[in-house]
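The structure appears right after this line, and notes come after that.
No value in this document is a laboratory result; all are computed from the given coordinates. Every value quoted in this text rests on a predicted model; they were computed, and no experiment measured them. Using ideal geometry, Cβ is built from the backbone for each residue, glycine included, and neighbour counts are taken over all protein chains shown.
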Amino acid sequence: MIRLLIPGREGRPTLTVIALALLLVASAARPMPVSAQTVQGQILDQGTSEPIEGVLVLLLGAQGEEYDGYLTNSAGRFILRAPGPGNYTARADRIGFETAESDPFTLSASQIYGLRMEMAETAIQLDELRVEGEQRCVVRPGEGLQVAQVWEEAQKALTVQEWTEREGIYRFQVLNYERDLDADERRVERETQRVINNLSRSPIRSLPARELLESGFIQPTDDGGWAYFGPDANVLLSGEFLDTHCFQLRSEGDNPTALGLGFEPVREGDRPDIRGTLWLDRATSALQFLEYHYTWAEFPEARGVARGHVEFEELPNGTWIIRRWWIRMPRLSQDLSLAQRGRSGVYIYGVREAGGEVTQVSTLDRQRIAQVERGFLSGLVWDSTQSAPLVGANVFLSGTSYSAVSNSEGRFLMEGVREGVYTAAFTHPRLDALGILAEGVEVEIHRGDVADVLLGVPTLGSVISDACQGEEREEGLAVVT
């Protein structure tokens, strides 16, 4: 849970509880006792007979109910446990490839059943699908429809997340943060961070689908604020969600390599719901990210502002995690002088973003698998009054904990900066001696890139001009402060 201070219904500050509905995804072979009825098998490539890693194998009952799941290891092997004797089938899902299903088999009490399955090497061609004209929004898309083909690929990724998050076979370093953005959602005005180490599971998850659909994705709190909830894999895959939302294909003109599976409520009522898009890569069928908007806001001025974002990423061994996520909510205030002619007087003065990212993934024996890339800020602090570099300047990004000190050449390097647009500024005794406050400079940080900035003490002429408020004076006269 994350507590945020935003205005309440009457313009007074109230505490709003924000629940981020996001799950970390881990996938690898997990230890499982060989007891009762088990299925031990291997997944091979149909063309090369090579083992395939990272395939989700599901144990299905006679009516299609799912009993167990397993992600194949580097040898393509898996093990499944059945709840009791009976008739079963195994289904193998591989993102970007056609699903394979075994012939039905019968398990007797305490039996260990051996199974080898082959998967076709032909990739699914989502790049051949075209989004043309007006489309009908389809509830539970059936077999044969283009939207059903895309939903099947998205469903695979979500199912992997649902089955593997609980296994706890990876260790995660997670950074949770809150940041305040300006009204344009561009510049960071304030940011706080908290790092959590050695997590094997996500510390946050969504409410049950039935509760969200009955009470809404935005719910009132006892202190007069609002709680925002987002969907996790369990919600998106639930029958309740699929029965109350329809799907259609979408395309993005700025990103022709992506194919979207859009969803929206079948009926828009009084309960806050969500609409959004699951974006997949056309060439690989990989699920890239989920974006969604809330369909309701307390005030008309805030409609369309609250939304969420989830990014997926493939690890080097072929498994997947949710790398980063956020929910953005409007920061509201009220001007009673504007409350006339039916207007509430409420206006948006900024946006609050609460989110997190997995900064490091390691195995249980602490072997590092992946680490997030961060940005760098490099720069020079120059004293124009002395035409020399400024040594020992404390450089910082306003409203955050990022800082650095300039060296003997006036240079500094700020490492590990999160993406965003910040205001870079500095303090130094020289500024105090001149009685001035140096203006900040806007900088934009990108992952893996180095941004450069020049900061400086203004020229002596500028200092004098500011002190004299720009007035011209006769030669021989001066101002003393």
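Shown is the FRET efficiency for Tyr67 and Glu240, computed with R0 = 22 Å from the Cβ-Cβ distance and rounded to the nearest 0.05: 0.55. When the alpha carbon coordinates of segment 213-291 are projected onto the principal axes, the ranges are 47, 25, 22 Å, largest first.
How big is the dipole moment of segment 222-364 about its Cα centre under a simple scheme where the beta carbon of each Lys and Arg is +1, that of each Asp and Glu is -1, and everything else is neutral? Debye, nearest 20, please.
Magnitude of the dipole: close to 360 debye.
In a Debye calculation with equal point scatterers on the alpha-carbon sites of segment 330-407 and no solvent, what is log10 I(q)/I(0) at q = 0.27 Å⁻¹? Evaluating at q = 0.27 Å⁻¹ gives log10 I(q)/I(0) of -1.22. If R0 is 41 Å, the Cβ-Cβ spacing of Asp335 and Ser465 corresponds to a FRET efficiency of close to 0.65.
According to the square roots a ≥ b ≥ c of the eigenvalues of the Cα gyration tensor, what is the shape class of segment 378-443, taking rounded for a/c under 1.5, prolate for a/b larger than b/c otherwise, and oblate for the remainder? Don't skip to the end; give the middle numbers.
Numbers: a/c = 2.17, a/b = 1.52, b/c = 1.43.
It is prolate, given that a/c is not under 1.5 and a/b is the larger ratio.
Look at the dipole of segment 275-426 built from charges on Cβ: of Ile321, Leu364, Asn394, the Cα furthest out on the positive end belongs to Ile321. Label positions at Asn394 and Gln46, each projected 7 Å from the Cα along the C-beta direction, are separated by 6.6 nm. Packing around the peptides 102-110, 79-87, 58-66, taken as the average count of other Cβ atoms within 10 Å per residue, puts them in this order, highest first: 79-87, 58-66, 102-110.
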